Amino acid sequence: MSDQVTALPDDPELCIDCGAERRPASYVPPLSLTVHSDSHGRHTLVTASGEIDFDSSPALGQVLQDALDHSADGVDVDLAQITFCDCSGLDILLHVRSRAREAAKTLTVRVSNPAVLRLFQLTGTTDVLTPTDTAHTPGTGGVEGIQAENGQLRRAMQTRPAIDIARGILMASYSISAEQAWNVLVSTSQNSNTKLHLLAETLMNTVHGENLPEPIAGHLAKALQEHRSQPL
């Protein structure tokens, strides 16, 4: 099986709950992602290049799900040529990883770009998505290993909504783009030494009138000043 997809918007009016902007039906974003899949024995290799964002992630999800359905043992995802990946791309990877577990198959992701590696590290998904010694052997590792992996995947998926909501709060409050909001969250998380999902939960509490604690508030202000100067 061989397939190649160039990303186009799945729906021009994206969900505001996910932190995306609603755009007119005539909006067509620049092509930013190419995805190619090939069968290799009992596994399918999916190779992506470009950027994974709100507009392009549905195309990646389509190819990954098709590859998973048609593979005997699972899917290997090569993101070495990906230069940018935001939370929408991570959502796709986690959901397909969950589907793979349900089908007793594997999905492993290989990355080399520091920005993508940082995304995995900040969201605690490195161990869930990246290859291990038993990545190509479904069912290995015993019951305890399977339970631990399922727990990691469940925790990773549970923290995703909070991060998306926090990004939406920043976009609405400061009139910044989805990418700028993501960069603000990452910078604030790193500079304040706060896990990304905990920072997101703290930002969500401000909706109910709570103030951001110091030094998070100071780091957030600096991050906003830095990243709001970036082009929309």
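Among 87-100, 183-196, 211-224, 37-50, the peptide with the highest mean count of other Cβ atoms within 10 Å heads the list, and the full ranking is 87-100, 183-196, 37-50, 211-224. Overall shape of region 161-227 was characterised from the C-alpha gyration tensor. The equivalent ellipsoid obtained from it has semi-axes of 15, 14, 11 Å, in decreasing order. Each residue of region 84-98 was assigned a 3J(HN,Hα) from its phi angle through the Karplus expression (A = 6.51, B = -1.76, C = 1.60, θ = phi - 60°), giving 8, 8, 10, 5, 5, x, 5, 4, 4, 4, 5, 5, 5, 4, 5 Hz with x at Gly and Pro. Applying the Karplus relation 6.51 cos²θ - 1.76 cosθ + 1.60 with θ = phi - 60° to region 175-181 yields 3J(HN,Hα) values of 6, 10, 7, 4, 5, 4, 4 Hz, where x marks Gly and Pro. Going by amide H atoms built from the backbone, whose H comes under 5 Å of the H on LEU33, apart from near neighbours? Those qualifying (amide H under 5 Å, at least 5 residues apart or on another chain) are ALA7, GLU51.
Scanning residues 5 or more positions from CYS85 or on other chains, those with amide H under 5 Å from its amide H are ILE52, with H placed 1.01 Å from N in the peptide plane. Computed from backbone phi, the HN-Hα couplings of region 108-117 come to 10, 10, 10, 10, 9, 5, x, 5, 6, 4 Hz, rounded to whole numbers (Karplus: 6.51 cos²θ - 1.76 cosθ + 1.60, θ = phi - 60°; Gly and Pro given as x).
Laboratory data are not the source of any read-out in this text; all were calculated from the coordinates shown. Nothing here was measured: the structure is a model prediction, and the numbers come from that model. Note that each Cβ is placed from the backbone with ideal geometry, even for glycine, and that neighbours are counted across all protein chains shown.
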